[in-house]
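So the structure is just underneath, and the comments pick up after that.
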Amino acid sequence: MYTSTFTLVLIGMVCSVVPVVGQCCLGAQNSVTHSRDGRFRVEAISLTGTGHSCHGPYKFRFRTLRIDPHEKTEEVGVFERAWDTDNHFNMAVCVSPTGNGFALSSSLEDPIIFFAPNGTVLAKIEQDKPNIVCNEDRTPIILTVSGKTQFGPRLTKLWLPLFHITGPETEWGLGEQTAIKDNVIFETIQPGEVRWLLRMLKWRPDLGALEAGRVKELIKQSDEAGLIELGLSALPLVEAKLATEEQVSLRRVQQEIVRRLCGHQDAWRNLDLLITLREHPNNSLRECALNQLRALLPNGDPTADWVQQNRGHLKWDAKLNAYRR
């Protein structure tokens, strides 16, 4: 049934591209996957046994850990997920280097799903049988995603920390890959959403205070588009309202803002996200992240190495809206 070498990765062999033919004899397997920088680890542990005799139903516990420079671990989140079937099971796990979660693709469900460490679904790729292709020792920031479409098999690029399809979309087969200009299937990150992200990266709490009255007015009007546009200014008040009263329109607003941020908390001052954004394919996002780091850090070189070496000494100063040592 599955014959392509670009299909899913067998759990227990994550980040290796292997044929699926004959994998049924291996059954369910445990796996441990690290982010590219090694700061986060996801353990996928089968709760129903491992080995060739274990062919469903499948139940796994996914545990996300933060690893400090001294190799001490801290649990970030844990959840369980089950598949009630005895079909052959293959999955790939790719861990974000910013700690917001991991992408999971499996042969038992169509979408690629990005999970928060606690199991919240942050984003999906809904195309027909999309698969993550990962052939590095450690998960890269930019992944290859394959999918079968009515126009033939396609590949594209996925920027993991924000779950952005960045393209370009190409054909794949036995011959060379050729860029596709027509009949594009995978939806790339849209310019309007990039502009929204730029505003959220420049957001500050004082702006949230100024816009609070407008947010309350939009909540009364159930203006979803207006609330989404205000983003981080709207999210706390929306979530406070949802804590006391479930409203479908406000739930959609919350989910859309969280999807666009892919679960990153305080994105505007999240050093892991800002450091990683310096590798985003979009020039505007790269430049914005660099400027944010220069504004937030105390006379430091805004690099991943500098932040890693000084992280333990950095303290957030709410009055200055900056880190100090």
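What to note about this one:
- Between residue 204 and residue 59, full extension at 0.36 nm per residue minus the direct alpha carbon distance yields a gain of 48.0 nm.
- Taking trypsin sites (Lys or Arg not before Pro) across the range 237-287, none is in a DSSP loop with at most 11 further Cβ atoms lying within 10 angstrom of its Cβ.
- With θ taken as phi - 60° and the Karplus curve 6.51 cos²θ - 1.76 cosθ + 1.60 applied, the whole-hertz 3J(HN,Hα) list for the range 106-121 is 9, 7, 9, 8, 5, x, 7, 10, 9, 9, 5, x, 8, x, 5, 7 Hz, x standing for glycine and proline.
- Distant-in-sequence amide H partners of residue 122 (H built 1.01 Å from N, under 5 Å): 114, 115, 116
- The range 189-237: trypsin sites (Lys or Arg not before Pro) in DSSP loop, at most 13 other beta carbons within 10 Å: 202
- Calculated FRET efficiency for the pair residue 255/residue 30, C-beta based, R₀ 30 Å, to 0.05: 0.40
- Axis angle, to the nearest 10 degrees, between helix 248-261 and the longest C-alpha principal axis of the chain: 80 degrees.
- Neighbours of residue 187 by Cβ distance under 14 Å: Lys/Arg scored +1, Asp/Glu scored -1, total +1.
- J(HN,Hα) series, the range 204-212, from Karplus relation 6.51 cos²θ - 1.76 cosθ + 1.60, nearest Hz, glycine and proline x: 9, x, 5, 5, x, 5, 5, 8, 4
- Nonlocal amide H pairs with residue 164, under 5 Å, H built at 1.01 Å: 159
- Compactness of the range 23-137, expressed as Rg and Dmax over alpha-carbon positions, Å: 14.1, 43
- Taking the C-alpha atoms only, the angle from helix 235-244 to the longest principal axis of the chain is near 80 degrees.
- Trypsin sites (Lys or Arg not before Pro) within the range 56-101, DSSP loop, no more than 15 other Cβ atoms inside 10 Å: 72
- Pairs of Cα atoms farther than 30 Å apart, the chain, %: 40
- Ordered by the count of other Cβ atoms within 10 Å of each Cβ, fewest first, 274, 242, 201 give 242, 201, 274.
- Taken over the range 59-218, the alpha-carbon convex hull comes to 196 cubic angstrom per residue.
- Modelled this way, with points 7 Å down the Cα-to-C-beta line, the labels at residue 220 and residue 120 are 2.8 nm from one another.
- By the Cα gyration tensor, the range 165-277 has an equivalent ellipsoid whose semi-axes, rounded to whole angstrom, run 34, 17, 12 from largest to smallest.
- Helix axis angle, 283-296 relative to the chain longest principal axis, alpha carbon, degrees: 50
- Exceeding the 22 Å Cα-Cα cut-off - candidates 124/216; 124/157; 157/181; 148/181; 216/315: 124/216; 216/315
- Computed from the Cβ-Cβ distance with R0 of 56 Å, the FRET efficiency linking residue 86 to residue 286 stands at 0.75.
- Least to most buried among 64, 188 (fewest other Cβ within 10 Å first): 188, 64
- Mean projected area in nm² (Cα convex hull; one quarter of hull surface) for the range 270-324: 3.5
Bear in mind that the values in this text are calculations on the coordinates, not laboratory data. For clarity, every value in this text was computed on a predicted model and none was experimentally measured. Counting neighbours? That spans all protein chains shown, and the Cβs are built from the backbone with ideal geometry, glycine included.
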